[in-house]
Structure formats: C-alpha cells, structure tokens
Amino acid sequence: MRKNTAIYTGLGLVFIIAAALNYNALQHYAYNKAQVNYWLSFGVPILVDTFIAIAAYIALINREQGESTTLAKGIVIAFTLASVYLNSLHYPLTIYGLSMAALVPTVVFLSIELALQQMEIRHRRDETIQSIQKLQVQAQEGQMVLARIEAEKMQLTEAKTTEIQQFEAKIAARLEQLQAVNLEIEQARIELEETKKTPLAWDSREAHLLRLDGMLAAGIGFGQAAQIFDVAPNTVRNWAKNLNGNSLSNGQVVKQ
C-alpha cells in the first residue's frame with residue numbers, strides 16, 4: 001500500500017470535494033422528493049458517498065493484490081449512476097443543470113478508473129520485475145550447479161589421470177623388472193655357453209658328481225664308489241643328495 005500512497009491520497013481529496021458538492025443535492029432529494037425526515041435526510045448523501053468510497057477502496061485493494069474487482073467495480077458503477085440520477089432531480093432540467101448533476105459522479109468514477117488502471121500497470125510491472133528477479137536467481141543457481149559440475153568433472157578427471165599415471169608407472173616398473181630378468185637370462189645363457197666351452201676339471205666337485213651319477217646308474221653302490229673315489233662312504237652319500245633325483249640313476253641308489 002505504501003507504493004500507492006499518492007493514488008489513495010489523490011482519490012481521498014477527490015472524494016472529499018465530490019461529497020461536499022453532492023451533499024446538498026442528495027440531501028435536497030431525500031427531504032423534498034423522498035419525504036425523508038429532515039434530520040435523517042442529512043445521512044442520505046453520507047451513506048451514498050461513503051458506500052461508493054468503500055466499494056472503490058475494496059476495488060483498489062483487490063487490484064493491488066491481483067484479485068478480482070468485478071463486484072466492487074459493479075457497485076461503484078451502479079451507485080455512480082444512481083448519484084447522477086438523484087442529482088438530476090435536484091438541479092433544473094436544463095443542459096447546465098444536467099451537466100452539473102453528472103459532473104461530480106463522473107469525475108469520481110473516472111478517478112477510480114484511472115487509479116485502478118494505474119495499479120494494474122504497477123502490478124504488472126511488479127510481476128515482471130519479480131519474474132526477472134526469479135529468472136536471475138534461477139540463472140545464478142544454474143551457474144552454481146554448472147560450476148559444481150565442472151569442479152566435480154575436474155576432480156574426476158584428475159583422479160582418473162592420477163590412476164592412469166600410477167598404472168603406467170606400475171607397467172613401467174614391471175617392464176623394467178622384465179628387462180632385468182631378460183638380462184639375467186641372457187647373462188646366464190652366455191655363462192652357460194661359456195661353461196660348455198670350458199673343459200671339465202675331473203678333480204672338481206662337479207666332475208665327482210658326474211662320475212658318481214654314472215656309477216649309481218651302472219648299479220655301483222656307495223661302498224664301491226667310496227673305494228673308487230678314495231673317500232668315506234658318508235661323503236659319497238652326501239654327494240648323492242646333491243643329485244636331487246635329477247640324474248641318470250633317477251635317485252635310485254644301490255645299497256650295499
């Protein structure tokens with residue numbers, strides 16, 4: 001209502017002036033034409049003008065709040081026409097008298113219409129402003145959601161990138177290990193080739209195991225093998241343990 005203070009103030013002034021101009025005419029009609037008690041006749045113009053003012057006020061309030069003004073506006077129209085008719089009974093039946101009878105109610109009615117139209121324009125403008133503000137809020141919320149999605153997207157991308165880098169690092173480490181194993185295998189192969197080229201020293205431990213493996217495969221027992229090697233039988237038995245069954249005799253030792 002504070003936005004429309006000027007409208008209400010202007011209409012109030014119009015109503016006061018109109019009531020003052022209509023008062024004599026309506027009181028004259030009530031006392032002289034309708035034969036109303038003299039003292040009661042003063043209440044007729046107050047009743048009519050007050051009712052028009054109340055109906056106009058309700059119409060303005062409804063328009064301000066965006067509600068229907070049909071009933072209140074209908075009452076204003078009806079009582080405005082009644083006021084014109086009652087005024088015409090007071091003034092002389094001339095063009096000037098009839099103009100005066102219609103002037104004040106018409107001014108009041110048009111003032112109310114202008115006020116209603118102005119409130120309607122202001123109401124639509126306020127609705128438009130509210131719609132724009134609402135759209136702005138929605139746009140800001142949409143931007144916040146979009147920013148949050150972008151942030152989550154960046155976090156997910158960074159996380160996936162880190163996982164990929166860790167996986168690539170593991171693969172690189174495995175490749176290095178594989179290369180190291182291949183290098184060891186290659187070195188062992190080279191050492192094996194070199195070993196094949198190196199003549200076997202028959203007094204070495206490997207030579208003893210090779211001879212023992214052949215003896216055991218031929219059916220010679222530990223005792224005979226110990227005599228041949230000129231060592232104790234337990235020594236031959238310990239040599240036989242190093243064969244691990246992967247020999248010509250398949251670990252089958254003839255006991256003697």
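Each reported figure results from applying straightforward, stated rules to the coordinates on display, with no laboratory input. Treat the numbers as computed from the prediction; the structure is a model and nothing was measured. Here the Cβ positions follow ideal geometry from the backbone for every residue, glycine too, while neighbour counts run over all protein chains shown.
With each label point set 7 Å from Cα along the Cα-Cβ vector, what nm distance links ALA217 and LEU81?
13.6 nm
How large is ³J(HN,Hα) for each residue in the range 6-11, as worked out from phi by the Karplus curve 6.51 cos²θ - 1.76 cosθ + 1.60 (θ = phi - 60°), to whole Hz, x for Gly and Pro?
Along the range 6-11, the couplings run 5, 5, 5, 5, x, 5 Hz.
As I understand it, the value is the acute angle between the Cα axis of helix 205-217 and the longest principal axis of the Cα atoms of the chain; what does it come to in degrees, rounded to 10?
Computed tilt is about 80 degrees.
List, in order, the whole-Hz ³J(HN,Hα) value for each residue of the range 153-163 obtained from phi through the Karplus relation with A = 6.51, B = -1.76, C = 1.60 and θ = phi - 60°; use x for Gly and Pro.
Each residue of the range 153-163 in turn: 4, 5, 4, 5, 5, 4, 4, 5, 4, 5, 4 Hz.
What FRET efficiency, computed as 1/(1 + (r/R0)^6) with R0 = 41 Å and r the Cβ-Cβ distance, is obtained for ARG237 and LEU178, rounded to the nearest 0.05?
On the way: r = 42 Å, r/R0 = 1.02.
With R0 = 41 Å, the Cβ-Cβ based efficiency is 0.50.
Rank the residues LEU86, LEU13 as a footprinting-exposure proxy: fewest other Cβ atoms within 10 Å of their Cβ go first.
Lowest to highest Cβ neighbour count: LEU13, LEU86.
Let me have the relative contact order for the chain, percent, based on Cα pairs under 8 Å that are six or more residues apart.
Relative contact order comes out at 13 percent.
Where the centre of each part is set by its Cα atoms, how far does the range 50-124 sit from the range 153-186, in angstrom?
89 Å
List, largest first, the extents of the alpha carbons of the range 93-173 along their principal axes, each in whole Å.
Result, largest extent first: 116, 11, 7 Å.
Helix-only mean residue ellipticity at 222 nm, the chain, DSSP H runs n ≥ 4 weighted -39,500 (n - 2.57), per residue, nearest 500. What is it? Walk me through the numbers before you get to the answer.
Numbers: 8 runs with 204 residues, N = 256.
Rounded to the nearest 500, the figure is -28500 deg cm²/dmol.
Using every alpha carbon pair in the range 2-129, what percent of pairs falls into each 5 Å bin from 0 up to the bin containing the largest distance?
Calculated P(r), rounded to whole percents: 2, 11, 20, 21, 16, 12, 8, 5, 3, 1, 0, 0.
Mind listing the long-range amide H neighbours of VAL36? Cut-off is under 5 Å, sequence gap 5 or more, other chains count too, H placed in the peptide plane at 1.01 Å from N.
Sorted by chain and number, the residues that satisfy this are TYR31.
Assuming 0.36 nm per residue, please report the length gained on full extension of the stretch GLN187 to ARG122 beyond their Cα-Cα distance. Mind showing how you got there, number by number?
Details: separation 65, 0.36 × 65 = 23.40 nm, distance 9.52 nm.
The GLN187-ARG122 span can extend by a further 13.9 nm.
How far apart, in nm, are two points set 7 Å out from the Cα along the Cα-to-Cβ line at GLN166 and at LEU98?
Inter-label distance under the simple model: 9.9 nm.
Step through the residues of the range 62-79 one at a time and calculate ³J(HN,Hα) from phi using the Karplus curve (6.51 cos²θ - 1.76 cosθ + 1.60, θ = phi - 60°), rounding each to whole Hz and writing x for Gly and Pro.
In residue order, the calculated couplings are 4, 5, 5, 8, x, 9, 6, 10, 4, 5, 4, 5, x, 5, 4, 4, 4, 6 Hz.
Arrange the peptides 171-179, 231-239 so that the one whose residues have, on average, the most other Cβ atoms within 10 Å appears first.
Highest to lowest by the protection proxy: 231-239, 171-179.
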